[in-house]
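The values are calculated or read from the model by the stated rules, or taken from the named source; none is laboratory data. Fair warning: this is a prediction, and the values are worked out from it, not measured in the lab. Using ideal geometry, Cβ is built from the backbone for each residue, glycine included, and neighbour counts are taken over all protein chains shown.
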């Protein structure tokens with residue numbers, strides 16, 4: 001699960017991490033009050049940030065022509081103007097696709113004078129199953145570029161999960177970033193807090209980019225998280241009801257939300273051949289084989305190892321609500337699950353939905369003869385495929401015809 | 001021979017009284033596997049009975065091991081309690097713990113993996129279909145089936161299969177069996193980002209097993225375990241290996257069903273893994289329909 005920047009900063013703050021003062025606002029009136037508070041506190045600049053899950057907000061454009069999903073305001077009036085142009089409006093960025101996302105919330109925060117930008121992240125290193133802290137003096141830019149072109153500029157520190165992060169590790173990183181004085185001391189505390197946020201919230205990733213040394217209104221140096229991104233481990237959400245409450249359904253595809261109600265794993269794609277498969281690996285390879293034979297998959301759909309008739313029926317309805325779908329490919333290897341149960345589910349679903357599109361079914365495994373007989377006896381036009389390749393060729397041909 | 005388990009392996013099932021654990025304990029008994037004990041805390045003293053086979057249930061793994069000499073365990077415990085169940089098996093010094101449970105928090109597995117450093121117990125999984133060493137009987141009856149794989153699609157023979165995915169493993173096994181080619185052992189290592197046993201670990205066991213003559217290695221997007229195995233095969237491989245990687249068409253940044261199946265930051269792509277396979281002389285199946293044929297052509 002992903003959360004918004006303002007929510008990430010709320011979590012970080014709970015673990016003692018310095019973030020710019022500011023507030024999430026859902027109305028222009030709230031934005032005005034938040035901006036007034038910031039300017040009254042001596043800040044000379046406020047940043048107004050659209051809260052959507054996609055990146056590239058700063059360079060994005062709203063569908064009504066307003067440019068920039070992140071803006072700097074020098075006055076309360078300017079902040080109000082930006083809020084009016086963002087709230088309830090649709091922002092299109094490189095990551096949202098042309099349909100964009102509606103901005104429901106903006107973050108109004110102090111924009112302090114940035115002296116130097118850094119990068120900081122915590123993630124799991126899959127190669128050794130240990131938490132990894134990554135930091136770089138190259139902040140505010142794409143870290144993958146840094147990794148590709150100047151890997152020596154990335155500091156890596158692995159944490160032993162048996163003892164957790166040790167202060168010396170945070171000191172090593174802060175010193176590796178070339179920090180001194182107040183900024184150094186602040187960074188040590190901040191790095192410890194960012195790691196704790198990652199571990200205790202069961203995050204899959206915490207990314208601070210940029211992390212910045214700023215000049216405070218009082219003229220002192222401080223280190224703060226200017227931007228923050230947190231991804232959570234879905235498997236661990238059950239023990240974090242507070243974080244679960246941060247889920248924003250408006251950021252998720254309606255079809256994917258519907259699928260999750262039936263414990264179906266569905267991801268919408270752009271092609272025309274819908275797939276219904278049991279097992280994640282087989283579902284991925286079904287997409288791959290469609291493309292291999294010249295078609296394009298419309299979705300990833302794993303009905304799981306013990307799919308019921310109801311799930312098959314729900315799955316059909318979900319894939320049929322995608323208007324791009326021109327044909328359906330059902331690929332089931334019923335190891336333990338009964339192929340006849342699946343076949344009965346398919347027949348019922350086809351009748352219920354009045355399916356008119358070509359349907360290619362490849363059934364294999366437990367009780368497959370009975371399953372195939374059920375399909376044949378249904379009187380429905382179902383194209384049968386013997387192997388995955390045979391079925392894939394047939395479904396691709398049905399779309400091309 | 002085979003790797004990891006033989007038809008004589010004495011199996012205990014953790015979570016034998018849950019619906020999922022019970023169903024698959026029954027299927028293992030039907031397959032002829034030596035299911036000698038069950039563990040469900042609080043139900044010690046009860047009996048799990050299936051088709052005349054009486055399996056005693058114990059409160060702890062330690063007690064089950066002491067009373068029945070079980071050496072391997074299948075974990076069917078729900079996700080919040082699975083890490084504890086795995087470590088209980090480790091504490092009881094089992095040779096093998098196979099964690100079937102899907103949905104264990106990643107940090108729980110990070111801790112388990114750390115706690116297992118230097119111990120002799122091997123963990124397979126989690127989020128995996130388990131292990132099958134086929135038997136000699138009809139439909140490979142009499143083999144050792146730990147987990148949830150369909151036993152009957154197997155056939156006793158000399159091909160090793162290792163995979164991160166369940167149904168894709170069955171697909172490969174079925175292709176082999178329907179061509180009359182049997183398997184030494186089939187191992188599902190699981191679809192999570194942190195697992196107990198890697199592709200490389202299993203490949204090394206297969207290379208050292210005199211009864212394994214060829215290997216099918218099935219991977220998927222995410223991580224770099226397939227690349228590491230390919231690197232080792234390039235330097236030390238002595239047997240033909242063919243493989244497939246699922247997820248070439250998966251969109252970056254999305255988890256494809258398995259928690260570990262994700263391309264992030266341009267890493268873990270199917271392309272990189274296929275390239276590593278080719279560089280190591282591993283036969284690449286153009287489609288998942290050709291996994292068995294690709295290997296058989298090399299032998």
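Number of residues in the range A:101-143 that are under 19 Å from the mean Cα position of the chain (by Cα), closer than 20 Å to residue A:7 by Cα and within 14 Å of chain B (Cβ to nearest Cβ) equals 3. Scanning the range B:56-72 turns up no residue that is under 17 Å from the mean Cα position of the chain (by Cα) and within 14 Å of chain A (Cβ to nearest Cβ).
In the range A:228-345, counting only strands (runs of 3 or more DSSP E) that sit wholly within it, the ones holding 2 or more residues that are modelled with pLDDT of 90 or more, over 30 Å from residue B:290 (Cβ atoms) and not assigned by TED's automatic domain parsing to the domain that holds residue A:56 span A:229-232. Filtered by the rule that a residue be surrounded by fewer than 23 Cβ atoms within 10 Å (Cβ to Cβ), outside any helix (DSSP H, G or I) and either more than 10 Å from every other protein chain (Cβ to nearest Cβ) or in contact with a helix residue (DSSP H, G or I) (Cβ under 7 Å, 6 or more places away or on another chain) (or both), the range B:251-282 gives B:252, B:263, B:265, B:266, B:269, B:280, B:281. The set of residues in the range B:241-250 being closer than 23 Å to residue B:173 by Cβ and either under 20 Å from the mean Cα position of the chain (by Cα) or buried (at least 22 other Cβ atoms within 10 Å of the Cβ) (or both) consists of B:241, B:242, B:243, B:244, B:245, B:246, B:247. Just so you know, in the range B:283-299 the residues that are crowded, with 17+ Cβ neighbours inside 10 Å and in a loop (DSSP other than H, G, I, E, B) include one that is farthest from the other protein chains (Cβ to nearest Cβ), and it is B:285.
Just so you know, in the range A:236-255 the residues that are crowded, with 16+ Cβ neighbours inside 10 Å and without any contact (Cβ under 8 Å) to a residue 60 or more places away in the chain include one that is nearest to residue A:306 (Cα to Cα), and it is A:236. Selection of strands (runs of 3 or more DSSP E) fully inside the range A:1-100 by the criterion of at least 2 residues being touching a residue at least 60 places away in the same chain (Cβ under 8 Å) and closer than 28 Å to residue A:191 by Cα returns A:22-25, A:46-50.
I'm checking my understanding of the structure. Among residues of the range B:226-235 that are more than 9 Å from chain A (Cβ to nearest Cβ) and either out of contact with any strand residue (DSSP E or B) (no Cβ under 8 Å at 6 or more places or on another chain) or without any contact (Cβ under 8 Å) to a residue 24 or more places away in the chain (or both), which one is surrounded by the most Cβ atoms within 10 Å (Cβ to Cβ)? Filtering the range B:226-235 for residues that are more than 9 Å from chain A (Cβ to nearest Cβ) and either out of contact with any strand residue (DSSP E or B) (no Cβ under 8 Å at 6 or more places or on another chain) or without any contact (Cβ under 8 Å) to a residue 24 or more places away in the chain (or both), the one surrounded by the most Cβ atoms within 10 Å (Cβ to Cβ) comes out as B:230. Entry remark, the range A:342-363: residues being crowded, with 17+ Cβ neighbours inside 10 Å and more than 34 Å from the chain's Cα centre (by Cα) number 3 in total.
Scanning the range B:201-225 for residues that are in contact with a helix residue (DSSP H, G or I) (Cβ under 9 Å, 6 or more places away or on another chain), within 12 Å of chain A (Cβ to nearest Cβ) and not in a strand (DSSP E or B) gives B:221, B:224, B:225. Every test in (1) closer than 21 Å to residue B:158 by Cβ; (2) touching a strand residue (DSSP E or B) at 6+ places or on another chain (Cβ under 7 Å) is passed by residue B:284 save one, and that test is (1). The combined condition, being assigned to a loop (DSSP other than H, G, I, E, B), modelled with pLDDT of 95 or more, more than 13 Å from every other protein chain (Cβ to nearest Cβ) and buried (at least 18 other Cβ atoms within 10 Å of the Cβ), is not fulfilled by residue B:238. Out of A:389, A:397, A:373, I need the residue that is within 14 Å of another protein chain (Cβ to nearest Cβ) and modelled with pLDDT of 90 or more. Which one? After applying the criteria, what remains is A:389. Residues in the range B:33-60 that are touching a residue at least 60 places away in the same chain (Cβ under 8 Å) and farther than 23 Å from residue B:162 by Cβ: 1 in all.
Taken as a whole, the range A:91-102 holds no residue that is more than 29 Å from residue A:270 (Cα to Cα) and modelled with pLDDT of 95 or more. Of all residues in the range B:94-108, those satisfying the criterion of being assigned to a loop (DSSP other than H, G, I, E, B) and farther than 21 Å from residue B:33 by Cβ are B:102, B:103, B:104, B:105.
Could you please find all residues in the range B:36-66 being crowded, with 24+ Cβ neighbours inside 10 Å and in contact with a helix residue (DSSP H, G or I) (Cβ under 6 Å, 6 or more places away or on another chain)? Correct list: B:37, B:39, B:58, B:61. Scanning the range B:109-137 for residues that are surrounded by fewer than 24 Cβ atoms within 10 Å (Cβ to Cβ) and outside any loop (DSSP other than H, G, I, E, B) returns B:110, B:111, B:113, B:114, B:115, B:122. The residue list A:377, A:400, A:369, A:373 contains one member that is out of contact with any strand residue (DSSP E or B) (no Cβ under 9 Å at 6 or more places or on another chain), surrounded by fewer than 18 Cβ atoms within 10 Å (Cβ to Cβ) and under 18 Å from residue A:333 (Cβ atoms), which is A:369.
Can you name every residue in the range B:148-167 that is out of contact with any strand residue (DSSP E or B) (no Cβ under 7 Å at 6 or more places or on another chain) and more than 13 Å from chain A (Cβ to nearest Cβ)? The answer is B:156, and nothing else.
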